[in-house]
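Note sheet for the following structure.
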Amino acid sequence: MGPTASGKTAVASAIARQLPVEIISVDSAQVYRGMDIGTAKPDARMLRETPHHLIDILDPTSRFSAADFSERALDLMARITAARRVPLLVGGTMLYFKALREGLSDLPQADPAIRLVIDARAREIGWPALHEELTRLDPETAERLDPHDAQRIQRALEVIHATDRPLSQLIRERKPEGLPYRVVAASLEPSDRGALHARIAERFEMMLELGLIGELRDLKSRFELDPGLPSMRCVGYRQTWEYLDGKLSLAQLRERGVAATRQLAKRQLTWLRPMRDVTRFDAECPDVGAKVLDHFRRALEASHNPLLLH
């Protein structure tokens, strides 16, 4: 686990070269086909060398929830272990990790009437204003959400209106189901936020050079997209959409894309902070890949796992 631009893909690649793993992507954006540059998907060589799952499984017009992820991930984990290999889950969508490890809450079903009211208010005052309202009603949940994340803001407010209780409280009261696996969790967390921010800026500039604008223009020509879709609310794509609409200059696209990515990293670290049973590694350490590999190798040795490659 780790925030964006913390080096997760490189570390996963180092592990995959040494241990009998198959990688399950834990990324809510990499599930979408055609969204390659802006999601920083593993390159073609790594995809050839190591089996990857939950990448390029949906068109960008689709929706994919934490429940969808958990169902597919559990099925994949069963198949991978049956094939005498080890599932290696890699990504930065912390809600997916949490849902998989702890189970999903027994929350009320969607209420179309409540959603209509929330959507009407969003059209009137905007999602950032509703995010401010959520901050007053459920600050714990609001802290983890982007002010433009319409889908999750809507759901959090819907739960409050339906139950008169904050979503964060209901989640804490859930009974953990537990995974039928031994979990060995590691996170890459930067000791120097400045270095992380510099990498974020460099990576967003590289995305622009590689053709992020053209990628989104092509997606818009191939699919019936709108800016409210979860795929188009992903960091980088949302700002590029505004650029193509003429609402942002290229300089503003750079500025807002980097700022939004920095905010994403901050939210990811907020998710990570309270997580238990996680071994934390400094993402700025030059040999962090070797350290994480050693951590996982020792975990396999301790479990007397016959799959360990010597």
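The values are calculated or read from the model by the stated rules, or taken from the named source; none is laboratory data. Fair warning: this is a prediction, and the values are worked out from it, not measured in the lab. Neighbour counts run over all protein chains shown; Cβ positions are idealised from the backbone, glycine included.
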Options Ser231, Ser249: the member that is exposed (fewer than 13 other Cβ atoms within 10 Å of the Cβ), among the hydroxyl-bearing types (Ser, Thr, Tyr) and either at pLDDT 95 or above or touching a helix residue (DSSP H, G or I) at 6+ places or on another chain (Cβ under 8 Å) (or both) = Ser249
Do we find that Arg222 is within 28 Å of Ala66 (Cβ to Cβ), in the same structural domain as Thr81 (by TED's automatic domain parsing) and over 21 Å from the mean Cα position of the chain (by Cα) in this structure?
-> yes
From Leu100, Leu54, Leu95, grab the single residue that is of a type outside the set (S, T, N, Q), surrounded by 15 or more Cβ atoms within 10 Å (Cβ to Cβ) and within 17 Å of Tyr181 (Cα to Cα).
-> Leu100
Which residue out of Ala142, Ala129 is in contact with a helix residue (DSSP H, G or I) (Cβ under 9 Å, 6 or more places away or on another chain), farther than 14 Å from Pro166 by Cα and among the aliphatic types (A, V, I, L, M)?
-> Ala129
State all residues of segment 150-177 that are under 20 Å from Pro227 (Cα atoms) and buried (at least 18 other Cβ atoms within 10 Å of the Cβ); if no residue qualifies, say none.
-> Ala150, Arg152, Ile153, Gln154, Arg155
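Residues checked against (1) without any contact (Cβ under 8 Å) to a residue 40 or more places away in the chain; (2) touching a Lys or Arg at 6+ places or on another chain (Cβ under 9 Å); (3) hydrophobic (A, V, I, L, M, F, W, C):
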{"position": "Phe69", "(1), (2), (3)": "no, no, yes"}
{"position": "Thr81", "(1), (2), (3)": "no, no, no"}
{"position": "Val86", "(1), (2), (3)": "no, no, yes"}
{"position": "Leu89", "(1), (2), (3)": "no, no, yes"}
{"position": "Glu102", "(1), (2), (3)": "no, yes, no"}
{"position": "Ala110", "(1), (2), (3)": "no, yes, yes"}
{"position": "Ile114", "(1), (2), (3)": "no, no, yes"}
{"position": "Arg121", "(1), (2), (3)": "yes, no, no"}
{"position": "Glu124", "(1), (2), (3)": "yes, no, no"}
Determine the pairs where a residue that is not assigned by TED's automatic domain parsing to the domain that holds Ser70 and of a type in the set (A, V, I, L, M), located within segment 22-42, has a partner that is surrounded by 23 or more Cβ atoms within 10 Å (Cβ to Cβ) and at pLDDT 95 or above with Cβ atoms under 6 Å apart, the partner being 6 or more residues away or on another chain.
-> none
Selection from segment 59-84 of residues that are farther than 24 Å from Gln109 by Cα and not in a loop (DSSP other than H, G, I, E, B) | Asp75, Leu76, Met77, Ala78, Arg79, Ile80, Thr81, Ala82
Considering only segment 118-138, state which residues are in a helix (DSSP H, G or I) and touching a Ser or Thr at 6+ places or on another chain (Cβ under 8 Å).
-> Leu134
Residue list for segment 205-228, restricted to those being assigned to a loop (DSSP other than H, G, I, E, B), touching a helix residue (DSSP H, G or I) at 6+ places or on another chain (Cβ under 8 Å) and closer than 13 Å to Tyr32 by Cβ | Leu225
With the checklist (1) at pLDDT 95 or above; (2) of a type in the set (Val, Ile, Thr); (3) not assigned by TED's automatic domain parsing to the domain that holds Gly194 in hand, flag the one item Val117 doesn't pass.
-> (1)
Considering segment 13-27 alone, what residues qualify as being assigned to a loop (DSSP other than H, G, I, E, B) and under 16 Å from Leu74 (Cα atoms)?
-> Asp27
Would segment 245-258 turn up any residue that is assigned by TED's automatic domain parsing to the domain that holds Gly194, touching a residue at least 12 places away in the same chain (Cβ under 8 Å) and closer than 22 Å to Arg63 by Cα?
-> no
